[in-house]
Each structure stands twice: as C-alpha cells, then as structure tokens.
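Have a look at the structure below before the remarks.
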Ligand SMILES: *Cc1c(COP(=O)(O)O)cnc(C)c1O
C-alpha cells in the first residue's frame, strides 16, 4: 500500500536516539532545550515550549490565555478534533466558522460576519484558533486585524504547517498571533514520535505554559510565597499537568528539524507534479493563496460527483483496492456525536459539509517516488475519464 503520509527516518535519526538511550537523561536532560532553541531559531519565535503532543500544547495555550468557563473559543470545522477539544478541556464553549471552499481554511469573510453578529449579541469569542489546513497558512494579517477590532486572542494551529511561510515569514514566528502550535506526530512534516510545541513572543505566556507543562510546579524563589526551605524545595502554585516531551523525542525532533528544508522542498515538487498532471481531470485541485507558501502536509482534491465519472466514495474504494492509501481529512468536527450532543448538527456549516462530501487526500510524503506518484496519477485518470 502506498500510504497517504509516512515519516522519513534516517540512520542519523536512529543514532541520535540511541545516543540518548546511552546517556544519563531519558527525559529532562539537554535535548529538550536544544530542540526548543533550534525551533526558535528556525521560525524566529522568541519562546518555544516543547510538549508531549500538539493536543497538550493547544491545551496549555488555552490555559495560558486564561480560557475558562463562560469563555467562547472559535475554530474551523475542517480540522482534527484536538483544535476544538482544547477549549472544552478548559470548561469554555466551542463554536465554528465555516471554511473557504478553495483554500479549505477558515473563511475570513465568514469570520467577519459572525464577529459582527456576536458583537451585537455580546457573545464575542475570547480566542480564535485558525488552522493551517494541509499546511497552507490562513490569511493571518486579516485575522489579526479582526482580533484587534473585536479583542480576541489568536492561537494558530500549525500542526500541518511547520516549514510553510506567509508573506515571506516562517509560520511560527507569531507575527500575527499570540501562540502557534506545531505537531510532531509521525504523519506530520517532521516527527518526534509523539510531540508538539507551543511558540510565542510573549514571555509571560511562555512562563505560564512552562509552569503548567509540569504540574504547575516552580523552583523559582521569586514565584514562591515563602522562602525556599532548602535546595530541594519547590512549590505547586497552579494546577498543571505532565505534558513534558522526553529527551528521546527531542533528540529525534532535533535531528528531523535538520532535514525540514529538504522535506518541504520535496513535498513542493510532489504537489506541483500533482497539480500539473491532474489539471485536465474533472476534479478541483487545491488552490494556493498568493501570500502563502504551503508545507504541503496534505494534498487534497475535491471530487464533484456531478462533474466526474465516479463519486468520492467509489473513487476512494477503488483506489484502496489498488493499494493506493487515499484518505479523507476531515469529518467536520461539529458533526461528531460528542459535538452534536452539545447542540451542533449537520447543515450548520454548509461549505465545510460540501467539502467533506468531496475531499480526497492523495499520497504525499518525502519518500514517495516519481514512479509511485505517476502510478497514483494514472490510476486516478483511468477511474475518472
Ligand atoms: C495532528 C493534529 C493535531 C494534534 O496533534 P497531536 O500531536 O497528535 O496531538 C491538532 N490539530 C491538527 C490540525 C492536527 O492535524
């Protein structure tokens, strides 16, 4: 089976992890800060907080921004459930903003309309979480302007998007957001096995996320309410978690980061190949916004059953039968039973739901060969024409 995505692990990656296994620290050693500094340098973010997953980083980001009961958080319905769950972990309510059918990202015009209505009803969100779907950055400048007008904070869910850029600046530099989150799950651009990172330019947010990452425990005397009893002393000053990344993970992440540019270059070649080779087929190809330069985590086409010979489900099944591991990203979050139980339902976000009926993720990952890609293209062509 040609999968839709796959990690690339090199002998150097393996050696780096083996070196950690032979060292004194499997966790809380030198590799976590080394990986954090390397990502800061790569993206331009001032502060970086490595975590056990992007889900944990999203939760820490919401906590650092004081999201709690009574607050509202908005995100896109076309994302992984974690982008919404982080608000619910904090006791806040979640809502969604429909997508732009061509970029698959949260629609800025829909956001503007919803904000104007919410302003009148006194129901504005505290935080908006734009998701850089497939690795394509959202229109962050416009979202930031709305944030300033309506007073909400911004967490970029850049789980797909390390290595992308927007207006010539790397995603993660937080120029238009309070916090940016990366995922290092194996299907993503670079991997640490499991892992994530929260990036910010605000020192207070970074300190808060570091504290909550490890139980809300501090060893800094100035944060304590009485003098240390001795050098063993620590105080728990908030309710935190164990969301730490291990040194094994950080060493792998560090090693993978060295290959980020070559991974992205390869993904861009593969995406361009698909866009050329599929241009005459009766499907919609992903549109890249002019200000954005995608990391191409996913290559998603839309199969319109009224235009093409096969509908999406038929195409999906036939490709799978031929060992081409296509996938669907994502089932709209608001239609999940857990969210329907909160009052959401089908019909609420029509652009997202129409997208879901048609979306098909084609294989894309650095080790995909030209031959394999040509096979995917030819199989698609035979099924569609
Ligand atoms: C993968 C993903 C997450 C969660 O990442 P983990 O590291 O697996 O917790 C969150 N948001 C989006 C958009 C994702 O694709």
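If you go through segment 358-380 and keep only what is in a helix (DSSP H, G or I) and either within 22 Å of the chain's Cα centre (by Cα) or modelled with pLDDT under 95 (or both), you end up with just 358.
Just give me the residues in segment 321-333 being over 23 Å from residue 135 (Cβ atoms) and either in contact with a strand residue (DSSP E or B) (Cβ under 9 Å, 6 or more places away or on another chain) or touching a residue at least 12 places away in the same chain (Cβ under 8 Å) (or both), in sequence order. The answer is 322, 323.
For residue 64, the conditions (1) surrounded by 24 or more Cβ atoms within 10 Å (Cβ to Cβ); (2) within 16 Å of the ligand (Cβ to nearest atom) are fulfilled apart from (2).
Checking each residue in segment 245-261 for being part of a loop (DSSP other than H, G, I, E, B) and touching a strand residue (DSSP E or B) at 6+ places or on another chain (Cβ under 6 Å) picks out only 245. Checking each residue in segment 31-61 for being closer than 8 Å to residue 196 by Cβ and in a strand (DSSP E or B) picks out 50, 51. Residue count for segment 40-59 under the criterion of being in contact with a helix residue (DSSP H, G or I) (Cβ under 6 Å, 6 or more places away or on another chain) and either over 20 Å from residue 176 (Cβ atoms) or within 12 Å of the ligand (Cβ to nearest atom) (or both): the result is 5. Give segment 10-56 a look and list any residue that's under 17 Å from residue 170 (Cα atoms) and without any contact (Cβ under 8 Å) to a residue 24 or more places away in the chain, or say none. Of everything in segment 10-56, those that are under 17 Å from residue 170 (Cα atoms) and without any contact (Cβ under 8 Å) to a residue 24 or more places away in the chain turn out to be 37, 41. When residues in segment 205-232 are screened for being without any contact (Cβ under 8 Å) to a residue 40 or more places away in the chain and within 19 Å of residue 67 (Cβ to Cβ), 3 of them pass.
Looking across segment 105-141, just one residue is within 14 Å of residue 76 (Cα to Cα) and free of Cβ contacts under 8 Å to residues at least 12 places away in the same chain, and that is 109.
The values are calculated or read from the model by the stated rules, or taken from the named source; none is laboratory data. Because the structure is predicted, anything quoted here is derived from the model rather than measured. Please note: Cβ atoms are built from the backbone with ideal geometry, for glycine as well, and neighbour counts cover all protein chains shown.
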